[in-house]
There are 2 protein chains.
Amino acid sequence: MHAELLIHASWVLPVDSDDRQLADHAVAIGGGRILAVLPSSEARASIAAREVLELPGHLLIPGLVNAHTHAAMSLMRGLADDLPLMTWLHEHIWPAEGRWVDQGFVADGTRLALLEMLRGGVTCFHDMYFHPEVTAQASAEAGMRAVIGMIVVDFPTGYAANADEYIARGLAMHDAYRGHPLVRVAFAPHSPYAVSDEPLARVRTLADELELPIHIHLHETRDEIQQSLRDHGERPFSRLDRLGLINPALLAVHMTQLEEAEIARLAETGAHVVHCPESNLKLASGFCPLAQLLDAGVNVALGTDGAASNNDLDLLGEMRTAALLGKGVAHSASAVPASAALRMATINGARALGLDHEIGSLEPGKAADLVALDLRAPHTQPLYHPVSQLVYAAARHQVRHVWIQGEALLRDGQPTRLDERAILDQARGWGERLGNFA
Amino acid sequence: MHAELLIHASWVLPVDSDDRQLADHAVAIGGGRILAVLPSSEARASIAAREVLELPGHLLIPGLVNAHTHAAMSLMRGLADDLPLMTWLHEHIWPAEGRWVDQGFVADGTRLALLEMLRGGVTCFHDMYFHPEVTAQASAEAGMRAVIGMIVVDFPTGYAANADEYIARGLAMHDAYRGHPLVRVAFAPHSPYAVSDEPLARVRTLADELELPIHIHLHETRDEIQQSLRDHGERPFSRLDRLGLINPALLAVHMTQLEEAEIARLAETGAHVVHCPESNLKLASGFCPLAQLLDAGVNVALGTDGAASNNDLDLLGEMRTAALLGKGVAHSASAVPASAALRMATINGARALGLDHEIGSLEPGKAADLVALDLRAPHTQPLYHPVSQLVYAAARHQVRHVWIQGEALLRDGQPTRLDERAILDQARGWGERLGNFA
């Protein structure tokens with residue numbers, strides 16, 4: 001067999017159906033796709049590769065899928081912390097957004113986020129923010145795989161005047177990226193409390209027609225439930241179900257408030273949950289019953305949320321938090337094992353986005369989105385089980401190489417396309433402007 | 001003023017009583033002590049230093065105090081994860097300890113832990129393990145500040161045959177390190193369930209006489225409470241209180257199970273709590289009511305626990321988990337702010353160990369134990385509030401310099417005393433031996 005690139009690593013976690021942990025294996029890549037995953041000894045005998053990369057002490061994993069972000073908000077990282085949710089939103093985040101968020105902000109914020117995510121092994125992200133076509137363009141230029149939310153809210157912002165205009169702008173972006181190799185779109189009605197029934201129903205119809213995912217914040221806090229009971233006489237989940245939105249296209253983000261029947265309904269309908277444990281903790285939103293969801297067979301992906309409420313886009317760290325918190329909440333040390341956390345951050349995210357035929361595991365035929373981590377640091381030695389080490393001990397600075405569709409976007413820890421110095425200069429400039437305003 | 005070393009940094013968090021965040025400040029060091037913390041402009045005019053270090057974009061903080069470790073257990077990092085506590089202990093950790101733990105294991109495991117901790121900005125640790133004199137010696141050789149537990153259990157191990165022998169060996173170590181500039185000792189009766197009344201009472205008397213701290217696991221799990229109610233007719237806390245151990249010398253580690261009256265009693269007596277949030281999550285031990293403890297005025301320090309149940313010794317990450325989990329458990333986003341998490345990891349740890357006159361903050365007269373982090377990475381930009389950035393976004397690989405008593409033990413990210421290659425070789429060797437056995 002001929003390959004363009006053959007990568008030998010000490011360990012490979014393909015995230016296949018058996019959660020195999022492979023020692024001394026190689027991944028062969030050609031045409032942007034994975035051609036084979038096989039023992040290094042066999043690969044040396046059978047594969048002629050244009051480039052061979054030897055990575056002793058390294059672990060290869062599928063690229064991580066960050067299933068919920070507000071990438072541009074990286075520019076608001078740490079702007080206002082340790083505040084009650086409503087104070088944070090009403091007195092800090094929303095005023096700052098009203099004053100500053102324009103296309104330039106979104107472009108610079110997205111590039112900062114892309115740089116951080118690539119450096120941390122994220123190869124695909126699912127975003128929701130204003131001016132999404134700017135996020136889409138920055139992602140395409142960076143060679144990052146992305147699913148960009150066509151945001152919809154009822155109220156006017158600098159981006160659009162009303163729900164119809166949000167949807168129209170979104171559909172224009174959808175047309176512009178039709179057939180793009182890396183960038184796709186999803187509908188992103190912000191939340192049941194920010195979008196009324198009519199646009200939600202329209203989103204549902206359009207998503208059906210265009211076969212697109214629907215990205216929504218749902219049951220983030222107890223207040224959200226109580227407000228809905230007051231205003232609509234039903235829980236947000238029931239309202240969405242009545243509108244036909246609890247279906248396999250749905251990515252319901254947060255879900256800290258769940259009743260047994262809702263968990264069963266998620267499982268029955270095939271709707272997906274995106275768990276954001278660090279954001280939920282930081283904003284004291286409540287505890288998502290992760291182990292119960294997994295036990296019920298619900299597909300749960302993992303997201304960092306935006307950097308204003310996390311405060312990073314470190315999906316590797318989020319895996320660890322998901323596994324640890326999942327055990328704590330379930331009162332069971334065997335709940336959410338390391339392999340489950342890794343699945344959440346890879347194949348489950350791919351499945352939620354309808355991309356599991358393409359990404360999420362290292363299997364022949366899939367796109368070559370993969371990450372190499374160097375585990376020879378003191379804090380990842382000795383090494384008994386690679387998946388344990390990855391989830392419970394490794395840190396993202398150990399990410400040394402990142403490929404998306406076969407292209408090296410991080411090589412020896414350095415970005416190949418993104419101009420780190422320029423991005424950091426822009427970020428500092430925004431920091432000075434927002435900091436003086438705050 | 002003359003100084004041996006003058007460090008200029010973009011930000012300094014001295015962890016003083018006002019939690020000040022100082023921009024463009026300098027720290028002057030001489031004779032292993034902090035001489036002054038002052039604006040850089042003043043320092044340039046008034047201080048003649050033998051060496052001047054300019055650290056633009058860096059943050060200076062006090063050295064971190066890891067108030068609960070089992071350092072040598074680093075060699076069991078990831079040996080057995082995702083298991084119920086009792087399976088983990090009885091079928092994995094204890095058999096492995098019985099088979100492998102000797103002086104060589106403790107020496108190599110401690111050195112691996114020292115390397116990891118130094119690289120992560122930890123300048124003082126509080127340990128509990130077998131063969132503590134080996135841990136003490138390795139720490140002294142490495143130039144690390146340490147408080148080494150004189151372990152006591154009722155049952156025989158490879159280290160001692162009975163409680164009397166544990167205590168005798170501990171006291172010999174105490175004598176050997178009397179007056180040592182960096183290494184001190186504490187009594188470390190393992191837990192109420194592993195030590196009976198008579199040796200506990202003896203420890204209390206000796207600790208009073210020798211003015212030493214007492215380091216104990218307490219109320220780690222609900223099972224521990226139930227077992228004590230069954231065997232002793234009282235909760236472990238009440239039993240220790242009856243034996244006179246709930247006093248200002250006590251460092252009670254874990255405390256996930258607490259009643260209101262116990263919290264009040266901790267505050268009233270001045271006993272200290274060591275919070276280990278990641279270990280508590282990973283072993284599903286329960287949730288320590290951190291915000292309640294802090295509100296009650298209890299001094300709470302922070303520990304990583306051993307690497308077999310964490311799986312790292314990353315106190316910076318532990319600060320973040322403490323702040324995030326503290327908010328989640330308290331249902332309040334303003335609980336456990338970043339500054340409180342930093343205090344836990346510095347001055348509160350120092351106070352718990354009776355060392356707050358010496359370490360825990362950057363103030364003139366204290367020992368020069370300090371850490372410089374480079375915050376110019378994408379994930380710590382832009383920067384609005386240094387303490388938020390440190391706790392919620394920074395990672396330990398950003399630690400570039402570490403000084404203990406004025407000596408640079410990490411310089412430009414490289415250890416100056418420890419032989420990293422040799423330590424990693426030894427760790428790999430143990431990994432092979434234990435891995436084949438498991």
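The values are calculated or read from the model by the stated rules, or taken from the named source; none is laboratory data. Remember, predicted model here, so these are calculated numbers, not experimental data. Please note: Cβ atoms are built from the backbone with ideal geometry, for glycine as well, and neighbour counts cover all protein chains shown. The area values use the complete protein model at the heavy-atom level, side chains included, leaving out ligands, DNA and RNA. Shrake-Rupley method; radii C 1.70, N 1.55, O 1.52, S 1.80 Å.
Scan the stretch A:117-137 for residues that are within 14 Å of chain B (Cβ to nearest Cβ) and either more than 21 Å from A:ALA422 (Cα to Cα) or open to solvent by less than 10 Å² (accessible area, probe 1.4 Å) (or both) and report the count.
Pass one, the stretch A:117-137, residues within 14 Å of chain B (Cβ to nearest Cβ): A:117-122.
Restricting the remaining residues to those that are either more than 21 Å from A:ALA422 (Cα to Cα) or open to solvent by less than 10 Å² (accessible area, probe 1.4 Å) (or both) gives A:117-118, A:120-122.
Qualifying residue count for the region: 5.
Tell me, please, whether a residue that is under 30 Å from B:ALA194 (Cβ atoms) and in a loop (DSSP other than H, G, I, E, B) can be found in the stretch B:60-76.
Within the stretch B:60-76, the subset under 30 Å from B:ALA194 (Cβ atoms) is B:64-76.
Now narrow it down to the ones that are in a loop (DSSP other than H, G, I, E, B): B:70.
Yes, the stretch B:60-76 contains a residue that is under 30 Å from B:ALA194 (Cβ atoms) and in a loop (DSSP other than H, G, I, E, B).
Test A:LEU229 against the criterion of being under 19 Å from A:ASP154 (Cβ atoms) and modelled with pLDDT of 95 or more, and give yes or no. Give the derivation first.
Values: under 19 Å from A:ASP154 (Cβ atoms): no; modelled with pLDDT of 95 or more: yes.
Taking the combined requirement at face value, the residue does not satisfy it.
Could you tell me which residue of the stretch A:1-27 is modelled with the lowest pLDDT, considering only residues that are over 26 Å from the mean Cα position of the chain (by Cα) and of a type in the set (A, V, I, L, M, F, W, C)?
Narrowing the stretch A:1-27 to residues over 26 Å from the mean Cα position of the chain (by Cα): A:1-6, A:8, A:10, A:23-26.
Now restrict to residues that are of a type in the set (A, V, I, L, M, F, W, C): A:1, A:3, A:5-6, A:23, A:26.
Values: A:MET1: 91, A:ALA3: 98, A:LEU5: 98, A:LEU6: 98, A:ALA23: 97, A:ALA26: 98.
Selected residue: A:MET1.
Pairs, please: C-beta under 8 Å, at least 6 apart or cross-chain, first residue closer than 17 Å to B:GLN414 by Cα and in the stretch A:371-383, second at pLDDT 95 or above and in a strand (DSSP E or B)?
Pairs that qualify, where the first residue is closer than 17 Å to B:GLN414 by Cα and the partner is at pLDDT 95 or above and in a strand (DSSP E or B), are A:ARG376/A:GLY57.
Hey, does the stretch A:412-424 have a residue that's open to solvent by 10 Å² or more (accessible area, probe 1.4 Å), more than 30 Å from A:GLY98 (Cα to Cα) and outside any loop (DSSP other than H, G, I, E, B)?
Yes, that holds for at least one residue.
Could you grab the pairs with beta carbons closer than 8 Å, sequence gap of 6+ or different chains, first residue in the stretch B:162-185 and in contact (Cβ under 8 Å) with a residue 60 or more places away in the chain, second one open to solvent by 80 Å² or more (accessible area, probe 1.4 Å) and among the charged types (D, E, K, R)?
No pair meets every condition.
Can you work out which of the residues in the stretch B:89-105 that are assigned to a helix (DSSP H, G or I), closer than 28 Å to B:ASP223 by Cβ and among the hydrophobic types (A, V, I, L, M, F, W, C) is most open to solvent (accessible area, probe 1.4 Å)?
We begin by selecting, within the stretch B:89-105, every residue assigned to a helix (DSSP H, G or I); these are B:89-100, B:103-105.
Imposing the further condition that a residue be closer than 28 Å to B:ASP223 by Cβ reduces the set to B:89-100.
If we keep only those that are among the hydrophobic types (A, V, I, L, M, F, W, C) too, we end up with B:89, B:93-94, B:96, B:100.
On the way: B:LEU89: 27, B:ILE93: 3, B:TRP94: 114, B:ALA96: 4, B:TRP100: 36 Å².
That would be B:TRP94.
Restricting to the stretch A:38-82, name every residue that is touching a helix residue (DSSP H, G or I) at 6+ places or on another chain (Cβ under 7 Å) and surrounded by fewer than 22 Cβ atoms within 10 Å (Cβ to Cβ).
Answer for the stretch A:38-82, where residues must be touching a helix residue (DSSP H, G or I) at 6+ places or on another chain (Cβ under 7 Å) and surrounded by fewer than 22 Cβ atoms within 10 Å (Cβ to Cβ): just A:ALA80.
Here are the criteria: (1) free of Cβ contacts under 8 Å to residues at least 40 places away in the same chain; (2) more than 26 Å from B:ASN280 (Cβ to Cβ); (3) surrounded by 24 or more Cβ atoms within 10 Å (Cβ to Cβ). Tell me which single one B:ARG111 does not satisfy.
(1)
Return yes or no: is A:SER17 of a type in the set (S, T, N, Q) and not in a strand (DSSP E or B)?
Values: of a type in the set (S, T, N, Q): yes; not in a strand (DSSP E or B): yes.
For A:SER17, the condition - of a type in the set (S, T, N, Q) and not in a strand (DSSP E or B) - is met.
Against the condition at pLDDT 95 or above, in a helix (DSSP H, G or I) and open to solvent by less than 20 Å² (accessible area, probe 1.4 Å), how does A:LEU240 come out, does it pass?
Numbers: at pLDDT 95 or above: yes; in a helix (DSSP H, G or I): yes; open to solvent by less than 20 Å² (accessible area, probe 1.4 Å): yes.
For A:LEU240, the condition - at pLDDT 95 or above, in a helix (DSSP H, G or I) and open to solvent by less than 20 Å² (accessible area, probe 1.4 Å) - is met.
Taking into account only those residues within the stretch B:395-411 that are more than 9 Å from chain A (Cβ to nearest Cβ) and under 30 Å from A:ALA307 (Cβ atoms), which is most open to solvent (accessible area, probe 1.4 Å)? Before the answer, list the steps.
Step one: list which residues in the stretch B:395-411 are more than 9 Å from chain A (Cβ to nearest Cβ), which gives B:399-411.
Add one more test, that the residue is under 30 Å from A:ALA307 (Cβ atoms), and what stays is B:399-402, B:410.
Working: B:VAL399: 7, B:ARG400: 78, B:HIS401: 11, B:VAL402: 0, B:LEU410: 1 Å².
Among those that are more than 9 Å from chain A (Cβ to nearest Cβ) and under 30 Å from A:ALA307 (Cβ atoms), it is B:ARG400.
Just checking, how many residues over the stretch A:6-36 are within 16 Å of A:GLU358 (Cα to Cα) and open to solvent by 20 Å² or more (accessible area, probe 1.4 Å)?
Result for the stretch A:6-36: 4.
Filter the stretch B:377-388 down to residues that are more than 7 Å from chain A (Cβ to nearest Cβ) and more than 24 Å from the chain's Cα centre (by Cα), then give me how many there are.
Within the stretch B:377-388, residues that are more than 7 Å from chain A (Cβ to nearest Cβ) and more than 24 Å from the chain's Cα centre (by Cα) number 2.
Looking only at the stretch A:222-237, count every residue that is on the phi < 0 side of the Ramachandran plot and open to solvent by 20 Å² or more (accessible area, probe 1.4 Å) and tell me the total. Explain how you work it out, then say what you get.
Going through the stretch A:222-237, the residues on the phi < 0 side of the Ramachandran plot turn out to be A:222-232, A:234-237.
Of the ones still in play, those that are also open to solvent by 20 Å² or more (accessible area, probe 1.4 Å) are A:222-223, A:226-227, A:229-232, A:234-235.
Adding up the residues that qualify gives 10.
Got a number for residues in the stretch A:54-83 being touching a residue at least 40 places away in the same chain (Cβ under 8 Å) and either at positive phi or not aliphatic (A, V, I, L, M) (or both)? Walk me through how you get there before you give the answer.
Within the stretch A:54-83, the subset touching a residue at least 40 places away in the same chain (Cβ under 8 Å) is A:54-81.
Remaining after also requiring either at positive phi or not aliphatic (A, V, I, L, M) (or both): A:54, A:56-58, A:62-63, A:66, A:68-70, A:74, A:77-78, A:81.
Here the count works out to 14.
Working only within the stretch B:280-299, note down all residues that are facing another protein chain (nearest Cβ under 7 Å) and among the hydrophobic types (A, V, I, L, M, F, W, C).
If the condition is that a residue be facing another protein chain (nearest Cβ under 7 Å) and among the hydrophobic types (A, V, I, L, M, F, W, C), then B:LEU281, B:LEU283, B:ALA284, B:PHE287 are the ones that fit.
Only residues that are touching a strand residue (DSSP E or B) at 6+ places or on another chain (Cβ under 6 Å) and under 15 Å from B:ALA368 (Cα atoms): list them for the stretch B:12-31, please.
Listed by number, the residues that qualify are B:VAL12, B:LEU13, B:PRO14, B:VAL15, B:ALA26, B:VAL27, B:ALA28, B:ILE29, B:GLY30.
Within the stretch A:365-373, can one find any residue that is within 14 Å of chain B (Cβ to nearest Cβ), of a type outside the set (Asp, Glu) and touching a His at 6+ places or on another chain (Cβ under 9 Å)? Spell out how you get there, then give the answer.
Looking only at the stretch A:365-373, we keep the residues that are within 14 Å of chain B (Cβ to nearest Cβ), and these are A:373.
Next cut, of a type outside the set (Asp, Glu) only: A:373.
Applying the additional criterion that residues be touching a His at 6+ places or on another chain (Cβ under 9 Å) yields A:373.
So far as the stretch A:365-373 goes, yes, one or more of its residues are within 14 Å of chain B (Cβ to nearest Cβ), of a type outside the set (Asp, Glu) and touching a His at 6+ places or on another chain (Cβ under 9 Å).
Output the number of residues of the stretch B:300-345 satisfying the condition of being over 19 Å from the mean Cα position of the chain (by Cα) and more than 8 Å from chain A (Cβ to nearest Cβ).
1
Between residues in the stretch A:415-438 that are within 15 Å of A:ALA72 (Cβ to Cβ) and facing chain B (nearest Cβ under 8 Å) and residues that are in a helix (DSSP H, G or I) and among the polar types (S, T, N, Q), which pairs lie under 8 Å by C-beta distance while being six or more apart or on different chains?
Pairs found: A:ALA427/A:SER74.
Could you list, in sequence order, the residues of the stretch B:367-380 that are in a loop (DSSP other than H, G, I, E, B), surrounded by fewer than 22 Cβ atoms within 10 Å (Cβ to Cβ) and not aliphatic (A, V, I, L, M)? Step through it out loud before you land on a result.
Our first condition is that a residue be in a loop (DSSP other than H, G, I, E, B); within the stretch B:367-380, this holds for B:368-369, B:375-377.
Next, from what is left, pick out any that are surrounded by fewer than 22 Cβ atoms within 10 Å (Cβ to Cβ): B:375-377.
Result: B:ARG376, single match.
If you go through the stretch A:243-262, how many residues are outside any loop (DSSP other than H, G, I, E, B) and open to solvent by 20 Å² or more (accessible area, probe 1.4 Å)?
Step one: filter the stretch A:243-262 for residues outside any loop (DSSP other than H, G, I, E, B), giving A:250-254, A:260-262.
Adding the requirement that they be open to solvent by 20 Å² or more (accessible area, probe 1.4 Å) leaves A:260-261.
Total meeting the criteria: 2.
Is it the case that the stretch B:81-91 has a residue that's away from chain A (no Cβ under 11 Å) and among the β-branched types (Val, Ile, Thr)?
no
Is one or more of the residues making up the stretch A:190-207 farther than 23 Å from A:ILE263 by Cα and among the polar types (S, T, N, Q)?
Yes, the stretch A:190-207 contains a residue that is farther than 23 Å from A:ILE263 by Cα and among the polar types (S, T, N, Q).
Considering the stretch A:200-210 alone, what residues qualify as being in contact (Cβ under 8 Å) with a residue 24 or more places away in the chain and surrounded by fewer than 19 Cβ atoms within 10 Å (Cβ to Cβ)? First the steps, then the outcome.
If we filter the stretch A:200-210 for residues that are in contact (Cβ under 8 Å) with a residue 24 or more places away in the chain, which is where we start, we get A:200-204, A:206-208, A:210.
A:ALA201, A:ARG202, A:LEU206, A:ASP208, A:LEU210 - these are the residues of the stretch A:200-210 that are in contact (Cβ under 8 Å) with a residue 24 or more places away in the chain and surrounded by fewer than 19 Cβ atoms within 10 Å (Cβ to Cβ).
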